[in-house]
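First comes the structure, then the notes that go with it.
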Amino acid sequence: MKRLISFLIWLVVVTIPAPALAQKAEVAPGVSVSRKTYRVPDNEAPFFNFAEKNEAQKAADQKLVAAVLERVPDRARAAGTAIDAGMRAFLSDNDMATAAKRFNQAYLLDPQQSSVYHGFALVAAARFKDFAYADELFGLAARMKAPAPPLRADHGRMLLIAGRPAEAKPLLEQAVKDTPDWAVPRMNLAWAVLQTGNRDEACRLVTQVKGKDLESVERDLALFKQKAGC
């Protein structure tokens, strides 16, 4: 799946407050995450904002799941369809509210799917600037069923945005191995190496930026060469 949002587009100056201890909530059998809530409608936040649902809301969820499974009887496939719709809303339309709604639908269908947590991590980082929670969700996605190939690339990019290049570097190195024909993780790896103080290696790596979505990192390449003096 294409990732057209380059590091330059995502790069923002942020101040990250010291994280408060959050209670844990079980979101699938044997799977717990921090209970984080946001000031948006419940279906636009990860895990429906952990809201306590009344009987009518529970019935509506069951009706939705039943309707979807009538069309696509396999839960994993049905969840995958919802995840794909969420990723399109996020990446192509920059519609984070709709993306979260689709990821929540996938969560109802199959809470063991890695891409549910991957999608929630993208929303937590991009919409709520909650990089600590995104880090937690990305880490969980890596341990769940069927991680998507771009997972480490997206996790590493988020850590770069959060000002944590040393942590981003090993993830991006693995992302380049996972998706060697994709320009975006190669570009972000060069940034991570530059920001950890190894200019010569960063300049070497930037010459290897190639593959699909190369046009989406052209501005990054120009900025990188300006900053690094390559």
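Couple of notes before you dig in:
- The single residue among Val184, Val206 that is under 21 Å from Leu91 (Cβ atoms) and either open to solvent by less than 70 Å² (accessible area, probe 1.4 Å) or out of contact with any Asp or Glu (no Cβ under 6 Å at 6 or more places or on another chain) (or both) turns out to be Val184.
- Test: residue in the stretch 57-71 that is touching a Lys or Arg at 6+ places or on another chain (Cβ under 8 Å) and modelled with pLDDT under 95: yes
- In the stretch 153-179, the residues that are over 22 Å from Ser92 (Cβ atoms), open to solvent by 10 Å² or more (accessible area, probe 1.4 Å) and not small (Gly, Ala, Ser): Arg164, Pro165, Glu167, Lys169, Pro170, Leu171, Glu173, Gln174, Val176, Lys177, Asp178
- Residues of the stretch 119-160 that turn out to be closer than 15 Å to Ala192 by Cβ and among the small types (Gly, Ala, Ser), as a count: 2
- Restricting the stretch 172-230 to residues that are within 19 Å of the chain's Cα centre (by Cα) and of a type in the set (Gly, Ala, Ser), the residue that is nearest to Ala142 (Cα to Cα): Ala175
- Residue in the stretch 40-62 that is farthest from Ala100 (Cα to Cα), counting only those that are of a type outside the set (Lys, Arg) and outside any helix (DSSP H, G or I): Asn54
- Odd one out for Ser32, checked against (1) open to solvent by less than 30 Å² (accessible area, probe 1.4 Å); (2) small (Gly, Ala, Ser); (3) closer than 16 Å to Leu140 by Cα: (1)
- Close pairs (6 angstrom Cβ cut-off, 6 or more residues apart or separate chains): open to solvent by less than 50 Å² (accessible area, probe 1.4 Å) in the stretch 54-79, of a type outside the set (Val, Ile, Thr) and not in a helix (DSSP H, G or I) anywhere: Ala76/Asp110; Ala79/Asp110; Ala79/Gln113
The values are calculated or read from the model by the stated rules, or taken from the named source; none is laboratory data. Computed from a predicted model, the values in this text were never measured in an experiment. All Cβ positions, even for glycine, are placed from backbone atoms using ideal geometry, and neighbour counts span all protein chains on display. The area values use the complete protein model at the heavy-atom level, side chains included, leaving out ligands, DNA and RNA. Shrake-Rupley method; radii C 1.70, N 1.55, O 1.52, S 1.80 Å.
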